[in-house]
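The values are calculated or read from the model by the stated rules, or taken from the named source; none is laboratory data. Computed from a predicted structure; not experimentally measured. Neighbour counts run over all protein chains shown; Cβ positions are idealised from the backbone, glycine included.
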Amino acid sequence: MDFFQRQDNARRKTKWLIGYFVLATALTILAVYAVFAVVSVSQSHSKRYAALGHDSLWNPKLFLWVTAGTLLVVIAGSLYKIAELSQGGALVASSLGGQPLDINATTVEEKKLRNVVEEMAIASGVPVPQIYVLPEEEGINAFAAGFSTSDAVIGVTRGAMQTLTRDELQGVIGHEFSHVLNGDMRLNMRLMGGINGILCIALLGHALLRAGSYSGSRSRKDDSRGAIMGIGLGLLIIGGIGMFFGRLIKSAISRQREFLADASAVQFTRNPAGLAGALKKIGGSAQGSRLEASHAEEMSHLFFGNALSESWANALATHPPLEQRIRALDPGWDGKFPVVQVVREVEVRAPVNAAPPRMQPPFIPAPSLGNLIGGVPALASSEVMVNIGSPTPQQVSYAGELRAAIPEQLRASARQAMGACTMVYSLLLSDKETDRSVQLAGFASANDAGLSQETVRMYPLIAGLDRRLKLPLVNLCLPGLRQLSKTQYERFILNMRLLIESDRTIDLFEYMLQKTVSHHLEPLFTPARKSIIQYYVLKPLEEDAVVLLSALARHGSENAEQISKAFRSGMEQLKVSSPGLSLLDADRCNLSQIDAALNRIAQAAPMVKKTVINACACTVAADGVVEMNEAEMLRAIADSLDCPIPPFVQNV
């Protein structure tokens, strides 16, 4: 399956999840009714409970009350959990005892983890996720949590950091990125919300048991004690059964996805030995992949390895048996697990007396950056499509080169809130000195002198970078920007608009940068109603697609014949039959209209998005060449539709 099929498959699995949830709720209602019916019959001899009591186990009125009450508890419990989880993956990581990776990470293990995660994010074309470390966990494990790439978190245990080599850690992180890209992560979060509602029955039973015990201690003649404690005990037992159903649902949904994520990780890295080595070390470790956190049971389906002690026959495990996963990667494995030891990787340090590196523009990137497409023969559009959500080993390797070509001082500054802000401001400054002077004058009058001076100081360092490094740099800035307070974020957005609008023109790069930043940060600071799929066919979005194709065709050339050819190439992929859909004039496909079109297409089903992006790719590649600005615009369009395109690299 390609990226869009995997996304559609995850959406269909959500429907299965709803079905499982409805079935489990129905069985819970029947079980709760049985408890109340038995108590009702047993209390029928008492005058006090004459109204409640009934000679038969079937009582329609009681059944309606039990159904309404149970649904209220289950739905309220689910909604409460879903609302709690809406804070994103950071909440999950914190509840497991995770701590954000120090932005000034100094140990070799911390730097290794950060490097691997940043490289995989750049290669995938997604924002760098927040990185959390579980410092108290000795087991070898990791997880991805969040509802989207904008609020995603990658968590890694201390045991994994200390015992896995870089290749093994890269395999594990590739596995977790597969869950992020395939829609598994969002499904996992919804699964936690649904199951929590059923488990609330057990909490209610526990509360009733305590209430019955308390009432009995104050008045032994109180006849309500037996009824309350009987109902409480029954609900507690039902809650235990609910936990069984919860694990059954998690097992049914999760196990097969782990094999697929393993396969995707190998596809990313082309190194099955790395991922297999991590799995073998889990088998050879005394702690294995088990976690000690109190919420490990609730979140067991999130992890790379089985986070719980093995159950009988492993029937309800959320992960396939370790041996099966290893043999799928290494058919020749001898079945023996290695002795696990702490990996000692030596950090290469500069001599103590060496002068610190200087950052003087122009900065000259590594020669290998020439591999990026920019005015060279383009990839076929089909190759662009197959790479969405599935970075190749060449792209992963190239992402490492891109990251390494950005000076460490800039990378370090990008991880801090204010440093990330000034970096974005500097990226928005014009190359033309006269326009830049106007921008800086307006910026200085609206902000304090320190911020203005820091932006001026940062600009030469940013201006000296190869243009191909600027998109990855924006990506690296996103974790730092997430640290802003809401007030700071609002000021940041105002400053962006001030710099963009002060020169009275909005060019492609400014649009791309603004769209990327707002798309991934806006949900964090201004929570809005969750996006719901509204379009399952292309028909109502045809005019929006024409806006995108017209803009791309006009952006790629000034020759009327070539513009028309590029537009027709894209329209052939849409296969629309509506009359009157033709190439739009430039003033009818400007950036504001592109933005409106993207907002509507973002509400489409995955396969509709696939058709639109494929048409865009064919439009861009119609002349056999993908220029740098065309590649940037295509990637910005796909990113705004949550369909990340990896960097364009030749011969992938």
Please enumerate the residues belonging to the range 252-295 that are among the acidic types (Asp, Glu) and farther than 18 Å from Ile326 by Cβ.
-> Glu292
Those residues of the range 530-566 which are among the hydroxyl-bearing types (Ser, Thr, Tyr) and at pLDDT 90 or above, in sequence order = Ser550, Ser564
Scanning the range 89-110 for residues that are modelled with pLDDT of 85 or more and assigned to a loop (DSSP other than H, G, I, E, B), the one nearest to Ile18 (Cα to Cα) turns out to be Leu96
Selection over the range 295-350 where residues are in contact with a Pro (Cβ under 8 Å, 6 or more places away or on another chain), surrounded by fewer than 20 Cβ atoms within 10 Å (Cβ to Cβ) and modelled with pLDDT of 85 or more yields a count of 1
Which of (1) closer than 28 Å to Leu469 by Cα; (2) buried (at least 17 other Cβ atoms within 10 Å of the Cβ) does Phe143 not meet, given it meets every other one?
-> (1)
Residues in the range 442-452: is at least one among the aromatic types (Phe, Trp, Tyr) and either over 22 Å from Ala417 (Cβ atoms) or free of Cβ contacts under 8 Å to residues at least 60 places away in the same chain (or both)?
-> yes
Flag if Leu481 is in contact with an Asp or Glu (Cβ under 7 Å, 6 or more places away or on another chain), under 20 Å from Met512 (Cβ atoms) and modelled with pLDDT of 90 or more | no
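Results for (1) surrounded by fewer than 18 Cβ atoms within 10 Å (Cβ to Cβ); (2) in contact (Cβ under 8 Å) with a residue 40 or more places away in the chain, shown as yes or no for each residue.
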site	(1), (2)
Asp431	yes, no
Arg436	no, no
Leu461	no, yes
Leu471	no, yes
Asn475	no, yes
Arg482	no, yes
Leu499	no, yes
Tyr511	no, yes
Pro523	no, yes
Just for helices (runs of 4 or more DSSP H) wholly inside the range 534-606: which have at least 1 residues that are farther than 24 Å from Leu513 by Cβ, without any contact (Cβ under 8 Å) to a residue 60 or more places away in the chain and among the charged types (D, E, K, R)?
-> 542-556, 560-574
If you take the residues of the range 427-457 that are closer than 17 Å to Glu501 by Cβ and of a type in the set (Gly, Ala, Ser), which of them is nearest to the chain's Cα centre (by Cα)?
-> Ser430
Pick from Ala263, Ala276: which is at pLDDT 75 or above, within 21 Å of Gly139 (Cα to Cα) and assigned to a helix (DSSP H, G or I)?
-> Ala276
Just wondering, is there one or more residues in the range 56-75 that are exposed (fewer than 12 other Cβ atoms within 10 Å of the Cβ), charged (D, E, K, R) and at pLDDT below 75?
-> no
Identify, please: which residue in the range 138-181 is in contact with a Gly (Cβ under 7 Å, 6 or more places away or on another chain) and in a helix (DSSP H, G or I) and is, among those, modelled with the lowest pLDDT?
-> Leu181
Taking Ala586 as the residue in question, decide whether it is of a type outside the set (Val, Ile, Thr) and crowded, with 19+ Cβ neighbours inside 10 Å.
-> no
Just to be sure, is Thr107 surrounded by fewer than 24 Cβ atoms within 10 Å (Cβ to Cβ) and under 28 Å from Met418 (Cβ atoms)?
-> yes
